[in-house]
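J.: Quick one: the structure is below, and I'll ask about it shortly.
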Amino acid sequence: MDYQETISWLYQQLPMYQRIGKTAFKKDLSNTLALASHLQNPEKKFKSIHVAGTNGKGSVSHMLASTLQEADYKVGLYTSPHLKDFRERIKINGTMISEEEVVSFVHLNKSFLEKQKLSFFEMTVGLAFDYFSKQQVDIAIIEVGMGGRLDSTNILIPEVSVITNIGFDHTAFLGNTYAEIATEKAGIIKPSVPVVIGETVSETKRVFKAIASSKKAPILFAEDLTLSDYESDLKGVYQQKNKRTAIATLGVLQSKNWNISEAIIQQGFLNVIKNTGLQGRYQILREGPKVICDTAHNKEGLQLVLQQIQSEKYAKLHIVLGVVNDKDLQIVLPLFPKKAAYYFCKPSVPRGLNALTLAAEAEKFELTGAVYRSVLDSYMAALQNASRQDLIYIGGSTFTVAEVV
């Protein structure tokens, strides 16, 4: 198979959660452990940082990778989902895995992958760990896909575990209370391995303390620490909390004799986009009219982004909005401003919510506008209607943003 055929084959193997939804969710780690054993346990051959959390785990992962790259380490970075290209998920020092490596991995392991009925996510994790091991990275930053305890990435014994925060997302899988969701995410805490927690509320703090204590894992709460602030090329106001989490994590590495100076952290934070290729985080796509896109897609994430959008200077606000069909619109839609022109669309993944349905639900919250055939049509219409002094915000889903960056 060539690269395109290989990617199509990967997508077809037991539907992947990001595109299809609930049917792709696996209930245990047995498949991942079988694959790791088949690949001769690559996860044991490189050092790692394991990053979980409802929001901010992607940004924190990229900040850590950027800083460690500035310190001249060879750094693997595994994140999901991708925006444009499957290979964005697996990078070393900001460079995506080659098409040849992807084809070769599937070719060499295809019969095992088929026999074992592995999911898209399990195979991708196996590919990443195998690649990082073969390329002999000094350290890899591994972002959890969903949850923690049962996530395919959770076969690592990292240098440090990180949980950014707890919010309500994927509640069908992870639970409906802060404590339940925190318990799932705290599943990445390993015996005697330090864990950094970004933000807490009283219910989650109790859970984290109890689980860390039972595993004799030293625990650090970034929100309780006095830390330096560093400027970053990631401009979302919400990045303040992510920066604190990343700085606390780098502090743990410093205590383990990783060579990371203040000057290196400064450079790392200033060059996240250049070093890692991160996109879709309060990203300014153009000026006159100013266009901003952001991948925030749950209550906690959207609240922060929409606050910042409304603090921007503009004559009129235009919002290009597309979501996936498992979003709780009763929670998300009230966050959006009534004083804006809406352009409703459906991101082109099977999970995308029909734009007419979205518009009908939005109307109940006095959010009015027109329905368009695609994300691009919505964006073009907004550009056509906006004056140079206006602001266009594109969001609601990672997949909506993927179509404009």
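The values are calculated or read from the model by the stated rules, or taken from the named source; none is laboratory data. Source: prediction; values computed, not measured. Positions of Cβ are generated from backbone atoms using ideal geometry, with glycine treated the same way; all protein chains shown enter the neighbour counts. When the accessible area is computed, the model is the full protein with side chains, heavy atoms only, and any ligands, DNA or RNA have been set aside. Shrake-Rupley method; radii C 1.70, N 1.55, O 1.52, S 1.80 Å.
J.: Given the whole protein assembly as supplied and a 1.4 Å probe, what does the accessible area of Y178 come to in Å², nearest 10?
T.: That residue has around 60 Å² of solvent-accessible surface.
J.: I would also like to ask the following. Under a cut-off of 21 Å between alpha-carbon atoms, report the lysines in cross-link reach of K115, not counting same-chain residues fewer than 8 places apart.
T.: Answer for K115, where 21 Å is the Cα cut-off: K26, K27, listed by chain and number.
J.: Still on this structure, please answer the following. How would you order 242-248, 208-214 from highest to lowest mean count of nearby Cβ atoms within 10 Å?
T.: Ranked from most to least packed, the peptides come out as 242-248, 208-214.
J.: Past the 30 Å Cα-Cα mark, which pairs from K47/K205; K57/K316; K110/K346; K205/K327; K274/K339?
T.: K57/K316; K110/K346; K274/K339
J.: Another one. Per-residue HN-Hα couplings for the range 72-78, Karplus 6.51 cos²θ - 1.76 cosθ + 1.60 at θ = phi - 60°, whole Hz, x for Gly and Pro?
T.: 6, 8, 8, 10, x, 9, 10
J.: Now a separate question. What aspartates and glutamates sit close enough to K313 to cross-link, taking a C-alpha to C-alpha distance under 19 Å and skipping anything fewer than 8 places away on the same chain?
T.: Straight-distance partners of K313: E287, D294, D390.
J.: Shifting gears a bit: Let me know the charge dipole size of the chain about its Cα centre in debye, to the nearest 20, where only the beta-carbon of Lys, Arg (+1) and Asp, Glu (-1) is charged.
T.: In debye, rounded to 20, the chain gives about 500.
J.: Could you tell me the calculated FRET efficiency between K134 and E287, based on Cβ-Cβ distance and R0 = 51 angstrom, to the nearest 0.05?
T.: 0.70
J.: May I pose another question? DSSP loop (so not H, G, I, E, B), at most 12 other Cβ within 10 Å: list which GluC sites (Glu not before Pro) in the range 213-321 pass both filters.
T.: Filter output for the range 213-321: E231, E287, E312.
J.: Tally Lys/Arg at +1 and Asp/Glu at -1 over every other residue whose Cβ is under 13 Å from the Cβ of D85; what's the total?
T.: +2
J.: Hey, another quick one. Put a dot 7 Å past each Cα toward the Cβ at D224 and K84; how far apart are the dots in nm?
T.: The answer from the label model is 4.4 nm.
J.: Which listed residue (G251, V291, T226) has the Cα farthest towards the positive end of the charge dipole for the range 225-312, taking +1 on Lys and Arg C-beta and -1 on Asp and Glu C-beta about the Cα centre?
T.: Result: G251.
J.: Given an 8 Å cut-off on Cα distances and at least 6 residues of separation, report the relative contact order of the chain as a percent.
T.: Reported relative contact order: 17 percent.
J.: Using Cα Rg over 2.2 N^0.38 Å as the read-out, say which of [x] 1.23; [y] 1.43; [z] 0.96 was calculated from these coordinates.
T.: Given [x] 1.23; [y] 1.43; [z] 0.96, the calculated one carries the label [z].
J.: Could you calculate the FRET efficiency of E203 with Q4 from 1/(1 + (r/R0)^6), where r is the beta carbon distance between them and R0 is 56 Å, rounded to 0.05?
T.: For R0 = 56 Å, the calculated efficiency reads 0.75.
J.: Another question, if that's okay. How high is the FRET efficiency from A210 to N257, r the C-beta distance, R0 35 Å, rounded to 0.05?
T.: Here the calculated transfer efficiency is 0.70.
J.: Using the heavy atoms of the protein chains alone and a 1.4 angstrom probe, what is the accessible area of the chain per residue in square angstrom?
T.: Accessible area per residue, the chain: 41 Å².
J.: Within the set K185/K241; K91/K185; K241/K364, which residue pairs have Cα atoms separated by over 27 Å?
T.: Violating the 27 Å Cα-Cα cut-off are K241/K364.
J.: Something else now. By how many nm would the segment from N176 to T357 lengthen if fully extended, with 0.36 nm per residue of separation less the alpha-carbon distance?
T.: Stretched out fully, the N176 to T357 stretch lengthens by 62.7 nm.
J.: Something else: Of L108, F208, G395, which is farthest on the positive side of the dipole of the chain, counting Cα position, with +1 on Lys and Arg Cβ, -1 on Asp and Glu Cβ, and the Cα centre as origin?
T.: My answer, from the dipole projection, is F208.
J.: Pop out the carbon and sulfur fraction of the accessible area of the chain as a percent, whole number, probe 1.4 Å.
T.: Carbon with sulfur: 49 percent of the solvent-accessible area.
J.: List the aspartates and glutamates whose Cα lies under 18 Å from the Cα of K134, skipping any in the same chain that are fewer than 8 positions away.
T.: By straight Cα distance, K134 reaches E43, E99, E100, E101.
J.: Roll a 1.4 Å probe over the protein heavy atoms and report the accessible area of F336 in Å², nearest 10.
T.: Answer for F336: close to 10 Å² accessible.
J.: Next question, about the same structure. Report the net charge of residues surrounding V75, where surrounding means a beta-carbon distance below 12 angstrom and charges are Lys +1, Arg +1, Asp -1, Glu -1.
T.: Here the count lands on 0.
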